[in-house]
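Undergrad: Take a look at this one; I'll ask things after.
The values are calculated or read from the model by the stated rules, or taken from the named source; none is laboratory data. Nothing here was measured: the structure is a model prediction, and the numbers come from that model. Here the Cβ positions follow ideal geometry from the backbone for every residue, glycine too, while neighbour counts run over all protein chains shown.
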Amino acid sequence: MRLPDVVQFAAASLRGSPARTGLMILAMSIGVAAVVILTGLGEGARRYVINQFSSLGTNLVIVFPGRTETAGIGPGMLLGQIPRELSLDDAAALLKSRAVSRIAPLTIGSSQISKDAKNREVIVLGSTSSLLEVRHMTLASGQFLPPGDVHASESVCVLGTKINRELFGNASGVGSWVRLGDRRFRVIGILTSQGESMGFNTDEIVIVPVASAHMLFNTSGLFRILVEARSREQIAQAKIDTETILFARHGGEKDVTVVTQDAVLATFDRILRALTMAVGGIAAISLAVAGILIMNVMLIAVSQRVKEIGLLKALGAPAAQIRTLFFTEAVLLSGIGSIAGLVMGEAGVLFIGRLYPSLPVAAPWWAVLAAIFTSLGTGILFSVWPARRAAQLDPVTALAGR
Amino acid sequence: MIQFEKVTRSFQVGDQQVAALRNIDLSIAAGDYVSIMGPSGSGKSTLLNLLGLLDRPTSGIYRLDGGNVTDLNDEQQARVRSEKIGFVFQSFHLVPRLTAAMNIELPLILAGIPVQERRGRVEELLKNYGLIDRADHRPDQLSGGQRQRVAIARATSMRPSVLLADEPTGNLDQTTGREVINLLEQLTEQNVTLILVTHDPALGERASRQLHMVDGQIVSPSRP
């Protein structure tokens, strides 16, 4: 029997019972679609987090005050002292490391901003001119914080786009004066819209020189120091240098935490990848169920078509040929099922992408391949038994329909 | 040329061996027209199944066209069935989802005959059996006589040397039954060996040779 004939014959017998065939294809395609959509979601979440992290800057080492791990008990702890603050001088000292290209100290607080009668609550970020590059921000108009002495508390500010729109409408606020808390600041620049990243919306912030922020909030400590390494390879060195310099400045006390962006990223990456695989695996169970369903229906098909099998044998079809015919039917079923499932899954992914544009959903290629192979595999595996049973029928009893 | 040498076929029923055929010696020449008659349970069908290689004898030797086919394995026997034996059944046994033309083509497909040749042969058979305008009809759209004509066309599509017909007129009325028998008898003129199992003595007497079976044995071979 020729291969095209085998396929045609199998296809014809599938068409012969459209309801049964349709249901089996549906079961198979739901399994495949579930794998595609769920892994697509997992992968989307992973990419989302990675994008968010990458938009924060590249090659970053982040320093924050306090210790988040228990590495013994320092004398400060016994005295009930709070950890030493990070100071502006601490930040400046980090530039001594040759692995570090730029640093940006960060102070954060919230304050009332007002222009004439309009006012609202804003997050105020105190930093230096290097924040623009370190944090990958861009300006829509005007200029960023002026470089120079970090201790100078100039009364200038840079507005996020949304703040500018709320205070000045469609006009640019550059050159105007606004009131932040009890001080007046001149607007010198406006940020381009960046949207939200890691729950922090740069469209709704006001950036002022770090010294001004300290005066505004009456503090002297830093919330974070963003340290940019010279290259990807230097990140580890930058981290070691940062720790060494800060521990030395803090009298040997390890009261700061230094993390690299990479490490955080890698952790998220691992967690989310594992999640994607787990979800994909759960979805694959539905594929296995679909496979068992195919076996069941094929077994029913064999007993329904006993007479036909008997006839084929009488007409000279050897057992192997009958096995091949049933086998081909199952392969066709699972093949069509997985293609339909792929289409359904991709459509679902597209739909979710439309629904949540910020989530970069896309099923990873390995999950798509795995889904197709699992569906074909289960289809083939579970058709072996029915096909064998068909092939082993005794022609005399089969023809009699027994 | 069909030769049976001491062929016995027995079945296990419970803990008893029941012989359906006992020590049958039989020789049928090529192109012969043989009818097998006898009461039900006499072994007619068993004999036919053995002749058609659908069943294997418990003992004895079956030679077809000079070759011993008893010892062939399943695959080889399937091949002999495909090339040398045609079946016509009482209940037609057409595949319901296939058209008349495709039913006729089925043995050719199974044998792996190239498409071009298949078309020609099916065309010819449809013409010979007056089924041209029924080619695209499914079995349930055909009358009983037409169905049996499709079945005969199918049985002859591989140009077998032996045609086995099991009560071919059993599900047909008198007139169509006569037509079908005429078609089958015409085949014997082309040197096809026709073996007909029937209950109907009138039908059986038309054959040039009649075998009567009782209790698994041929009791009155009309010609030794």
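Undergrad: Which of the residues belonging to region B:93-130 are of a type in the set (D, E, K, R) and in contact (Cβ under 8 Å) with a residue 24 or more places away in the chain?
TA: If the condition is that a residue be of a type in the set (D, E, K, R) and in contact (Cβ under 8 Å) with a residue 24 or more places away in the chain, then B:Arg97, B:Glu105, B:Arg121 are the ones that fit.
A quick yes/no check of all residues on (1) over 20 Å from B:Arg81 (Cα atoms); (2) assigned to a helix (DSSP H, G or I); (3) not aromatic (Phe, Trp, Tyr):
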residue	(1), (2), (3)
B:Ile152	no, yes, yes
B:Pro160	no, no, yes
B:Thr169	yes, no, yes
B:Leu172	yes, no, yes
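Undergrad: Check A:Asp269 against each of (1) away from chain B (no Cβ under 14 Å); (2) outside any helix (DSSP H, G or I) and name the one condition it does not meet.
TA: Only one criterion is unmet by A:Asp269, namely (2).
Undergrad: Still on this structure: What are the residues in region B:129-159 that are away from chain A (no Cβ under 14 Å) and surrounded by 15 or more Cβ atoms within 10 Å (Cβ to Cβ), if any?
TA: Hits for region B:129-159 are B:Tyr129, B:Leu131, B:Arg134, B:Ala135, B:His137, B:Leu142, B:Gly144, B:Gly145, B:Gln146, B:Gln148, B:Arg149.
Undergrad: Let me ask something else about it. Can you name every residue in region A:354-402 that is polar (S, T, N, Q), surrounded by fewer than 20 Cβ atoms within 10 Å (Cβ to Cβ) and farther than 30 Å from B:Arg9 by Cβ? Full working, then the answer.
TA: Residues of region A:354-402 polar (S, T, N, Q): A:358, A:374-375, A:378, A:383, A:392, A:397.
Keeping just the survivors that are surrounded by fewer than 20 Cβ atoms within 10 Å (Cβ to Cβ) gives A:358, A:392, A:397.
Within region A:354-402, just A:Ser358 meets the criteria.
Undergrad: Looking for something in contact with a His (Cβ under 8 Å, 6 or more places away or on another chain), part of a loop (DSSP other than H, G, I, E, B) and surrounded by fewer than 16 Cβ atoms within 10 Å (Cβ to Cβ) - is there at least one such residue anywhere in region B:204-220?
TA: First, pick out the residues of region B:204-220 that are in contact with a His (Cβ under 8 Å, 6 or more places away or on another chain): B:218-220.
Filter again for part of a loop (DSSP other than H, G, I, E, B), leaving B:219-220.
If we keep only those that are surrounded by fewer than 16 Cβ atoms within 10 Å (Cβ to Cβ) too, we end up with B:219-220.
Yes, region B:204-220 contains at least one residue that is in contact with a His (Cβ under 8 Å, 6 or more places away or on another chain), part of a loop (DSSP other than H, G, I, E, B) and surrounded by fewer than 16 Cβ atoms within 10 Å (Cβ to Cβ).
Undergrad: Quick one: in region A:152-161, which of the residues that are within 15 Å of A:Ser141 (Cβ to Cβ) and not hydroxyl-bearing (Ser, Thr, Tyr) is surrounded by the fewest Cβ atoms within 10 Å (Cβ to Cβ)?
TA: Among residues in region A:152-161 that are within 15 Å of A:Ser141 (Cβ to Cβ) and not hydroxyl-bearing (Ser, Thr, Tyr), the one surrounded by the fewest Cβ atoms within 10 Å (Cβ to Cβ) is A:Val156.
Yes/no per residue for (1) in a loop (DSSP other than H, G, I, E, B); (2) more than 14 Å from chain B (Cβ to nearest Cβ); (3) polar (S, T, N, Q):
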residue	(1), (2), (3)
A:Ser334	no, yes, yes
A:Gly337	no, yes, no
A:Leu342	no, yes, no
A:Val349	no, yes, no
A:Ser358	yes, yes, yes
A:Trp366	no, yes, no
A:Gly379	no, yes, no
A:Ala398	no, no, no
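Undergrad: Within region A:301-323, track down each residue that is farther than 13 Å from A:Ala391 by Cβ, outside any loop (DSSP other than H, G, I, E, B), among the aliphatic types (A, V, I, L, M) and modelled with pLDDT of 85 or more.
TA: A:Leu311, A:Ala314 - these are the residues of region A:301-323 that are farther than 13 Å from A:Ala391 by Cβ, outside any loop (DSSP other than H, G, I, E, B), among the aliphatic types (A, V, I, L, M) and modelled with pLDDT of 85 or more.
Undergrad: Out of A:Ser153, A:Ser114, report the one residue that is among the small types (Gly, Ala, Ser) and not in a loop (DSSP other than H, G, I, E, B).
TA: A:Ser114
Undergrad: Can you name every residue in region B:58-92 that is in contact (Cβ under 8 Å) with a residue 40 or more places away in the chain, under 17 Å from B:Leu194 (Cα atoms) and among the β-branched types (Val, Ile, Thr)?
TA: Across region B:58-92, the qualifying residues are B:Ile85, B:Val88.
Undergrad: Criterion first (in a helix (DSSP H, G or I) and touching a residue at least 40 places away in the same chain (Cβ under 8 Å)) does A:Thr242 satisfy it?
TA: Details: in a helix (DSSP H, G or I): yes; touching a residue at least 40 places away in the same chain (Cβ under 8 Å): yes.
Taking the combined requirement at face value, the residue satisfies it.
Undergrad: Mind checking which strands (runs of 3 or more DSSP E) fall wholly inside region B:24-128 and carry at least 3 residues that are modelled with pLDDT of 90 or more and either surrounded by fewer than 19 Cβ atoms within 10 Å (Cβ to Cβ) or more than 10 Å from chain A (Cβ to nearest Cβ) (or both)?
TA: Because the criterion is at least 3 residues that are modelled with pLDDT of 90 or more and either surrounded by fewer than 19 Cβ atoms within 10 Å (Cβ to Cβ) or more than 10 Å from chain A (Cβ to nearest Cβ) (or both), the strands (runs of 3 or more DSSP E) in region B:24-128 that meet it are B:33-37, B:59-64.
Undergrad: Quick one: A:Leu287 ticks every box in (1) modelled with pLDDT of 90 or more; (2) away from chain B (no Cβ under 14 Å); (3) buried (at least 22 other Cβ atoms within 10 Å of the Cβ) bar one, so which box is it?
TA: Status for A:Leu287: all satisfied but (1).
Undergrad: Could you list all residues from region A:295-332 that are small (Gly, Ala, Ser), within 14 Å of chain B (Cβ to nearest Cβ) and under 47 Å from the mean Cα position of the chain (by Cα)?
TA: Passing the criteria: only A:Ala301.
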